[in-house]
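S.K.: Below is a structure I'd like to ask you about.
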Amino acid sequence: MILEAPAASRGFLLAVAQENARRYDKRMNFVIRPSLETDIAAISAIYAHAVAHGTASFELEPPSEAEMARRRDSILEGGYPYLVAERGGELLGYAYAGAYRTRPAYRSTVEDSIYVAPSAQGQGVGRALLVALIERCEALDFRLMVAVIGDEDSHGSIGLHRSLGFEPVGVLKGIGYKHGRWLSTVLMQRPLGRGTTEPPTQPLPAG
């Protein structure tokens with residue numbers, strides 16, 4: 001049985017996280033803003049490192065900058081937010097929401113993705129990005145955010161999501177093979193805004 005945290009509790013967690021994120025932003029002097037085409041080179045470099053050295057992505061080869069630009073365009077054309085964290089002209093990380101599944105009944109559910117440059121980890125960048133991403137998705141009236149976290153040993157990512165009101169809903173054991181070992185994925189979810197109390201407002205796809 002899955003127990004869902006009360007909306008008031010989730011709201012309190014997000015409010016606390018928002019205040020903490022603002023403090024981090026001020027202390028570390030970084031800003032969260034919408035991504036630009038000119039960010040693609042830095043975004044690609046951050047993602048390439050994650051692909052080559054981590055388990056957040058199950059890709060085996062880093063995509064080209066052109067492919068990363070195409071993916072960003074697709075996210076934005078779908079009406080989803082794509083954010084970056086920047087300090088003094090240096091990109092520290094990025095985050096975006098995308099469709100959890102493409103079939104129309106899933107249209108109010110998003111999946112989050114967050115990547116932080118190695119040099120910026122442990123500075124609150126990931127938290128600030130996720131807080132901002134949740135805010136943007138709630139403003140767009142999406143109703144559920146799903147986190148698909150690579151590897152059960154990703155304690156930092158699991159802890160971050162849990163601290164912002166995500167609940168674990170399952171583990172897919174041995175679903176991928178990378179870096180010479182079998183990997184699982186941890187599934188977590190967090191209701192957004194009005195959740196399931198009202199019908200969706202996201203339009204059905206044309207055609």
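The values are calculated or read from the model by the stated rules, or taken from the named source; none is laboratory data. These numbers come from a predicted model, not from an experiment. Cβ coordinates were reconstructed from backbone atoms using ideal geometry, including for glycine residues, and neighbour counts include every protein chain displayed. Accessible surface is based on the protein model in full, side chains and every heavy atom, while ligands, DNA and RNA are left aside. Shrake-Rupley method; radii C 1.70, N 1.55, O 1.52, S 1.80 Å.
S.K.: What order do I175, I75 take when sorted by accessible area (1.4 Å probe), most exposed first? Working shown, then result.
M.R.: Values: I175 95, I75 25 Å².
The most accessible residue leads, giving I175, I75.
S.K.: Counting other Cβ atoms within 10 Å, which trypsin sites (Lys or Arg not before Pro) in region 64-102 have at most 15 and lie in a DSSP loop?
M.R.: Answer in residue order: R101.
S.K.: Taking the Cβ-Cβ separation of A45 and D153 as r and a Förster radius of 25 Å, what is the calculated FRET efficiency to the nearest 0.05?
M.R.: The computed FRET efficiency comes out at 0.55.
S.K.: Divide by every residue of the chain the summed helix terms, -39500 (n - 2.57) for each DSSP H run of at least 4, and state the resulting mean residue ellipticity at 222 nm, rounded to the nearest 500 deg cm²/dmol.
M.R.: -11500 deg cm²/dmol
S.K.: Taking the simple approach of a point 7 Å from Cα along Cα-to-Cβ for both R70 and L36, what is their distance in nm?
M.R.: That separation, rounded to one decimal, is 2.5 nm.
S.K.: Quick check: net charge around P81, other residues with Cβ under 12 Å of its Cβ, Lys/Arg +1 and Asp/Glu -1? Don't jump to the answer; show the numbers that get you there.
M.R.: On the way: positive: R33, R72, R136; negative: D112, E135, E138.
Its environment carries a net charge of 0.
S.K.: Quick check on region 42-89: take the gyration tensor over C-alpha atoms, sort the square-rooted eigenvalues as a ≥ b ≥ c, and tell me if it's rounded (a/c under 1.5), prolate or oblate.
M.R.: It is oblate, given that a/c is not under 1.5 and a/b is not larger than b/c.
S.K.: Please state the charge dipole magnitude for the chain, taken about the Cα centre, from unit charges on C-beta atoms (+1 on K and R, -1 on D and E), reported in debye and rounded to the nearest 20.
M.R.: Details: 22 positive and 23 negative charges, 83 e Å.
For this selection, approximately 400 debye.
S.K.: Would you please classify the overall shape of the chain from the alpha carbon gyration tensor, given that a ≥ b ≥ c denote the square roots of the eigenvalues, rounded means a/c under 1.5, and beyond that prolate means a/b larger than b/c while oblate covers the rest?
M.R.: Cα axes put the chain in the rounded bin.
S.K.: Would you mind classifying region 28-134 by shape? Square roots of the alpha carbon gyration tensor eigenvalues, ordered a ≥ b ≥ c; an a/c under 1.5 is rounded, otherwise it is prolate if a/b is larger than b/c and oblate if not.
M.R.: prolate
S.K.: Related question: Within a Cβ distance under 10 Å of Q202, other residues only, what is the Lys/Arg minus Asp/Glu net charge?
M.R.: Once all neighbours under 10 Å are counted, the net charge is +1.
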